[in-house]
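The values are calculated or read from the model by the stated rules, or taken from the named source; none is laboratory data. What you see is a predicted model, and the numbers here were worked out from it, not measured in a lab. Note that each Cβ is placed from the backbone with ideal geometry, even for glycine, and that neighbours are counted across all protein chains shown. Only protein heavy atoms, including side chains, enter the accessible area calculation; ligands, DNA and RNA are left aside. Shrake-Rupley method; radii C 1.70, N 1.55, O 1.52, S 1.80 Å.
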Amino acid sequence: MKKIQILGTGCAKCRNLQESVENAAKELGLVYEIEKVPDLPKIMSFGVMLTPALVVDGVVKVSGRVPSVEEIKQLLA
């Protein structure tokens with residue numbers, strides 16, 4: 001099971017990232033758990049200064065932008 005975290009305070013870009021990640025994971029047929037992380041100290045503990053950010057299994061994959069569903073699929077595979 002993939003552990004996916006969306007780091008962000010709940011802005012529109014954060015919601016778009018979550019929706020894109022869910023679509024990509026479903027297209028890949030992945031079993032996953034998704035967690036929203038709105039807490040700024042926790043976000044900063046990942047070394048992230050720009051949100052939204054995508055974390056997969058504890059590794060920051062993208063920060064400060066919303067990647068395409070195709071790019072997210074590559075990051076999750």
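Which condition from (1) of a type in the set (Val, Ile, Thr); (2) open to solvent by less than 80 Å² (accessible area, probe 1.4 Å); (3) touching a residue at least 40 places away in the same chain (Cβ under 8 Å) is the one that residue 9 breaks?
(2)
So which residues in segment 12-59 are hydroxyl-bearing (Ser, Thr, Tyr) and buried (at least 16 other Cβ atoms within 10 Å of the Cβ)?
Passing the criteria: 20, 32, 51.
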